[in-house]
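Take a look at the structure below.
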Amino acid sequence: QTVVIKVRMHCEGCRKKVKKALSKIPGIQELKVDLKEQKVTIKGDVDIKKVLLKLARTGKMNEVLQPASAPAEPNKPKES
């Protein structure tokens, strides 16, 4: 599973704080914290609620951009 979360980070210190907090969550196989794009990409078997709770405790505002459990819906034709 892959989850992409937008996280407000202002500096390298913010990036390190987010990475340190999230690296303690069990089940994460890969963690990428991109300061420039202000995105965190998580790969692995994790509970998104735990991730968001951990981020909230760091004081960083966040928003899920790509949830792991919700696949994209195909385009549906419009009814006349």
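The values are calculated or read from the model by the stated rules, or taken from the named source; none is laboratory data. What you see is a predicted model; the values in this text were computed from it and never measured. Quick reminder, even Gly has a Cβ in these numbers, built from the backbone with ideal geometry, and neighbours come from all protein chains shown. When the accessible area is computed, the model is the full protein with side chains, heavy atoms only, and any ligands, DNA or RNA have been set aside. Shrake-Rupley method; radii C 1.70, N 1.55, O 1.52, S 1.80 Å.
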Scan the stretch 13-38 for residues that are charged (D, E, K, R) and open to solvent by less than 80 Å² (accessible area, probe 1.4 Å) and report the count.
-> 3
Of the residues in the stretch 21-31, how many are under 13 Å from the mean Cα position of the chain (by Cα) and over 14 Å from LEU55 (Cα atoms)?
-> 2
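Just the residues that are basic (Lys, Arg) and either in contact (Cβ under 8 Å) with a residue 60 or more places away in the chain or in a strand (DSSP E or B) (or both), please, taken from the stretch 14-46.
LYS32, LYS39, LYS43
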